[in-house]
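Note sheet for the following structure.
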Amino acid sequence: MKDIDETFRKIDATVPLREELRPRTVTTPDGQEITIEPLKDYFCEAAPKVHPKAYFQIVENFYNWARSNSLWILGFGTGCGAIEMRPLMTPRFDAYRYGVQWRPTPRQANLLIISGYLSVKTLKRAIRAYEQMQGPKYVIGLGSCTINGGMYWDSYNTIKRLDDYLPVDLYIAGCMPRPEALLHGFIELKKLIRAGKAEGTNRYAENFASYKAAQKSVIKDWDMPDYNW
Amino acid sequence: MSSFHWVQIPYALLTLFIVLNYGLIMTAVVQKIAARVGGRHGIPFWQNYIDLVKNFAQRSKITHGVMFYLGPVFRLAGGVGLLLFVPTIYGSTWAQNFSFAGDLVLALYFVFFGTLGMALGAGESGHPHAAIGVSRGLAQVTMAELPLALAVYAIAVQYHTLNITEIVAAQQGGLFHWTLFTNPLATVAAMFAFVGTMMRPPFDVVLAPQEIPIGPPTEYHSAYLALMQTNRAIFPVAKTVIYMNLFFGGASSWGEFAIKVFALYMVSAFIGVVHPRFRVEQSIRFFMKWGVPVGVLAILMV
């Protein structure tokens, strides 16, 4: 299956770096001359590491049980699926009773739900959000758009297979899946985590180069470091 | 009581253990009550334990520098220190902790200690939301503490002591010996400070989850966050213990402790669910207008 439009992929004209991100020399108020390089100064460029599991299997199982019962979702909605996530906080579905909570910052979240189609522009933000999360972290692809592009199959600016760009642990099929399907997805994800099969974080670190190559093949204006924590 | 015995250390740790578990369960129960108000089931009451284990079990963590490490440590030290220097159960031989003659002054200091540590740590994280949250927090907590300080002067004058145990002792002998009835103005002034520093809705602009997600702890994660969660369980209980001791007759058993702390905590929770959020300048003005005059009156009345 070909992802994105091949003609789009073949464009290799380099997009010039935005003005404010270029390295330059500035004079500070007290007359000092300093060189600043925004992409290096503000971010860390260290690649992600593969983190080993706990030494004892019983400890790892206990941790996995805790992780499965404390899924903190990053409140980041892409596409139309975001509207299906909101009812989960309401009395009708109430995902809180399953240990699912929403966190406002990627640092504290460990579950990223890509809720629908991802335009190339949004993919860039999704990658940054994913990389700022701390492992073990999980990705759920919600809706058929994340599986094969769905109704955006022949769109020129929308990715088709999310798994090429971020390590997906679980897909929830449908257009759109109802909140019940999402709840069922959480329960399936819990089973995966408890079985120790949700190791997307390490998969991402192991295949870092190929993930980056895939991401850069569609994101033409790559104006961030390769890895921003 | 003034002499130190080694056995006080395990006793104090036992108190800390009880308060930690009480705090973890109580905050979850309060969240559950709030959920029931909204017609939801809410989180299970053991959810805080699981979250704590999960955060300790996160495999990766990053740092922004030394103060970033120390921020949560200071915060926890503020909570633990506050608890350790306040007699938790009146008349108990082992839950006296390390209280001494001037412990009330030290307690006032420890109430603020965590906020200061957090300001340094969150400041180093470099996140703009953290900086905004910290500046709001320092302004608001400083202002909210003022009525408490005035109330503490009032009751120090009233009871001629700065020793919390003696203040509790003076309130024994029935409901109407409580400071609540002997000095209602000081109690009211202190309750302004209580509601103002509990980080619950009318005064939660510091965290403001929907606005500056989520203020000072924005960059904190994994084990750092777990330390802060631990403090989130201990600190409100320790603070409530001070109010309970100063104004509501203290507690002579763990059962009385559990009921009084829960009731006091629910005061701020109730006020929280029915009031929208104040901006910082609004809350500062509120404390200036209502809290401080009541505190000054309390001193004048004594």
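The values are calculated or read from the model by the stated rules, or taken from the named source; none is laboratory data. Given the structure is predicted, the values throughout are model-derived calculations rather than measurements. In this analysis, Cβ positions are derived from the backbone assuming ideal geometry, glycine residues included, and neighbour counts consider all displayed protein chains.
Assessment of region B:283-291 against the conditions (over 21 Å from residue B:92 (Cβ atoms), within 14 Å of the chain's Cα centre (by Cα) and among the small types (Gly, Ala, Ser)) yields no matching residue.
Yes/no per residue for (1) over 11 Å from the mean Cα position of the chain (by Cα); (2) of a type outside the set (Asp, Glu); (3) not in a loop (DSSP other than H, G, I, E, B):
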| site | (1), (2), (3) |
| --- | --- |
| A:131 | no, no, yes |
| A:135 | yes, yes, no |
| A:139 | no, yes, yes |
| A:147 | yes, yes, yes |
| A:156 | yes, yes, no |
| A:160 | yes, yes, no |
| A:163 | no, no, yes |
| A:168 | no, yes, no |
| A:177 | yes, yes, no |
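The set of residues in region A:87-123 that are more than 8 Å from every other protein chain (Cβ to nearest Cβ) and among the aromatic types (Phe, Trp, Tyr) comprises A:93, A:98, A:102, A:117. A single entry from B:90, B:22 fulfils the requirement of being in contact (Cβ under 8 Å) with a residue 12 or more places away in the chain, buried (at least 22 other Cβ atoms within 10 Å of the Cβ) and either among the aromatic types (Phe, Trp, Tyr) or within 14 Å of chain A (Cβ to nearest Cβ) (or both): B:90.
Checked against the criteria, residue A:63 counts as assigned to a helix (DSSP H, G or I), modelled with pLDDT of 85 or more and more than 18 Å from residue A:130 (Cα to Cα).
I'd like to know if region A:150-157 contains one or more residues that are under 22 Å from residue A:63 (Cα atoms), crowded, with 19+ Cβ neighbours inside 10 Å and either touching a strand residue (DSSP E or B) at 6+ places or on another chain (Cβ under 7 Å) or within 14 Å of chain B (Cβ to nearest Cβ) (or both). No, region A:150-157 has no match at all. Considering only region B:150-161, I want to know if a residue exists there that is part of a helix (DSSP H, G or I), over 21 Å from the mean Cα position of the chain (by Cα), within 19 Å of residue B:183 (Cβ to Cβ) and hydrophobic (A, V, I, L, M, F, W, C). Looking through region B:150-161, at least one residue is part of a helix (DSSP H, G or I), over 21 Å from the mean Cα position of the chain (by Cα), within 19 Å of residue B:183 (Cβ to Cβ) and hydrophobic (A, V, I, L, M, F, W, C).
One line per residue, one yes/no per condition, for (1) among the basic types (Lys, Arg); (2) touching a Phe, Trp or Tyr at 6+ places or on another chain (Cβ under 9 Å):
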{"site": "B:4", "(1), (2)": "no, yes"}
{"site": "B:30", "(1), (2)": "no, yes"}
{"site": "B:36", "(1), (2)": "yes, no"}
{"site": "B:45", "(1), (2)": "no, no"}
{"site": "B:50", "(1), (2)": "no, yes"}
{"site": "B:53", "(1), (2)": "no, yes"}
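Please determine whether any residue of region A:67-84 is assigned to a loop (DSSP other than H, G, I, E, B), touching a His at 6+ places or on another chain (Cβ under 8 Å) and within 9 Å of chain B (Cβ to nearest Cβ). No: zero hits.
Can you list residue pairs whose Cβ atoms sit under 8 Å apart, with the first residue in region A:24-48 being within 12 Å of chain B (Cβ to nearest Cβ) and in contact (Cβ under 8 Å) with a residue 40 or more places away in the chain and the second being assigned to a loop (DSSP other than H, G, I, E, B) and of a type in the set (A, V, I, L, M, F, W, C)? Count only pairs 6 or more apart in sequence or on different chains. Between residues of region A:24-48 that are within 12 Å of chain B (Cβ to nearest Cβ) and in contact (Cβ under 8 Å) with a residue 40 or more places away in the chain and residues that are assigned to a loop (DSSP other than H, G, I, E, B) and of a type in the set (A, V, I, L, M, F, W, C), the close pairs are A:43/A:224; A:43/A:229; A:44/A:229; A:44/B:62. So in region A:70-109, with the set limited to residues that are of a type in the set (Phe, Trp, Tyr) and at pLDDT 85 or above, which one is farthest from residue B:50 (Cα to Cα)? Checked region A:70-109; the qualifying residue farthest from residue B:50 (Cα to Cα) is A:93. For region A:124-149, a residue qualifies if it is hydrophobic (A, V, I, L, M, F, W, C) and within 14 Å of chain B (Cβ to nearest Cβ), and the qualifying residues are A:129, A:133. In the set B:61, B:54, only one residue is farther than 23 Å from residue B:15 by Cβ, buried (at least 22 other Cβ atoms within 10 Å of the Cβ) and facing another protein chain (nearest Cβ under 7 Å); that residue is B:54.
The one condition from (1) surrounded by 23 or more Cβ atoms within 10 Å (Cβ to Cβ); (2) more than 22 Å from residue B:281 (Cα to Cα) that residue B:133 does not meet is (2). Counting just the residues of region A:86-112 that are free of Cβ contacts under 8 Å to residues at least 60 places away in the same chain and outside any loop (DSSP other than H, G, I, E, B), which one comes out farthest from residue B:218 (Cα to Cα)? Of everything passing the filter in region A:86-112, A:97 is farthest from residue B:218 (Cα to Cα). Checked against the criterion of being touching a Leu at 6+ places or on another chain (Cβ under 9 Å) and hydroxyl-bearing (Ser, Thr, Tyr), the candidates A:63, A:117, A:55, A:98 yield just one match: A:98.
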